[in-house]
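Nothing in this text is a laboratory measurement; each read-out follows from the coordinates by a stated rule. Remember, predicted model here, so these are calculated numbers, not experimental data. Cβ sites come from the backbone with ideal geometry, for glycine too, and all protein chains shown count toward neighbours.
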């Protein structure tokens, strides 16, 4: 089974470790591929990150994808326009309107931690239905559990459990990511699977969320890179 | 007076065990002792699962199998609590002042097969 971690921050965004350190650690832990997530400050950043990651990918022997995370609606609109130029589009959850827009948009791959910094879980049955319809994966972020403790951890796990339950009911894809900001926060895929099980997923569903769901996203990436692709659901035939 | 030995429980009534081999990846290849690791595992698991949850896991770090040089160890638990134990290991990010990560090498039902896999890694 191939494992992927699709939400890792390097020194290019809010992370502390270099891309090389993270890629080497991911390889050691048994990942087949990882996605470095960064923010869109300017257009040149896409080219720059792609150049660095493609060199490292060959050097270390691990698939590296470039992901851009939208922090607000205007950033999301800008990223949708440039959708062909990078691999994965993530949306930073927390704001209710942004969460809703993310699950409504077909171009979005992952809605990261919808419950982040919120009193409620930031996700409801309407959003779950939309996420399933538009194939937007809902993220279970391991860093949120790792960096919290006692009552905060209990609250976060409760909110994630609620979201997972909704995703299961409406068959929305779930993806488990480490959300690491240093290479020390990367975790063994088995640890992520186990955490998924504790958060309400069945063992086979938890395994799918670190292998099959990312693989489906990779399929979409390859489809998008095809010249015949125009936008989700529209491509040139013949 | 010689104490009477407890009668051995039938195999079908015994708790099913799982053994998991793990390796500690640390900064500057620091060597940790058995007691360092044991206390870290117990503290984290008690925090995360609680005393009642911990009682269900029957977790035990095997002292004879701790390889201090390669930082490889074997943890024993019952078959129903593997996910809880693995997730708890993932929540250990420090041992003393050093940052660490656990790599799960293998999970098996017999100590024989787990020992053969750890000897290959070591």
Which of the three applies to chain A, rounded, prolate or oblate, going by the alpha-carbon gyration tensor with a ≥ b ≥ c and a/c under 1.5 meaning rounded? rounded
Using Cα-only point scatterers and the Debye equation, what is log10 of I(q)/I(0) for segment A:28-121 at each q in 0.13, 0.15 Å⁻¹, rounded to two decimals? -0.48, -0.62
Relative to the compact-globule estimate 2.2 N^0.38 Å (N residues), the Cα gyration radius of segment A:137-238 stands at a ratio of 1.28
Please give the Cα centre distance for segment A:136-156 versus segment A:163-238, rounded to the nearest Å. 17
Please compute the contact order of chain B in relative form: average sequence separation of alpha-carbon pairs under 8 Å and at least six residues apart, divided by the residue count, as a percent. 40
Using mean Cβ contacts within 10 Å as the protection proxy, how do A:107-113, A:221-227 order, highest first? A:107-113, A:221-227
Please list the radius of gyration and Dmax for segment B:54-99, considering alpha-carbon atoms only, with Å as the unit. 11.9, 33
Counting other C-beta atoms within 10 Å, which of A:54, B:81 has the fewest, and how do the rest follow? A:54, B:81
Whole Å is fine, so just give me how far the alpha carbon centre of segment A:39-89 lies from that of segment B:63-105. 35
What average count of beta carbons from other chains do you get within 10 Å of the Cβ of residues in A:189-199? 6
Over chain A, what is the mean sequence separation of C-alpha contacts under 8 Å (at least six apart), divided by residue count, expressed as relative contact order in percent? 19
Mean per-residue count of partner chain Cβ within 10 Å for B:97-103 equals 4
DSSP-defined beta bridges in chain A - what % are antiparallel, rounded to 5: 10
Could you please rank B:57, A:66, B:12, placing first whichever residue has the fewest other Cβ atoms within 10 Å of its Cβ? B:12, B:57, A:66
At 222 nm, what value in deg cm²/dmol follows for chain B if DSSP H runs of at least 4 each add -39500 (n - 2.57) and the sum is divided by all its residues, to the nearest 500? -11500 deg cm²/dmol
So for segment A:1-76, considering every pair of alpha-carbon atoms, how many percent are separated by more than 21 Å? 23
Pair-distance profile P(r), taking every C-alpha pair of segment A:53-98, with 10 angstrom steps and integer %: 26, 39, 24, 10, 0
Hey, what D do you get for segment B:1-116 in µm²/s if you plug the Kirkwood alpha-carbon radius into Stokes-Einstein at 20 °C and 1.002 mPa s? 140
Please work out the Cα convex hull volume for segment A:95-192 and give it in Å³ per residue. 99
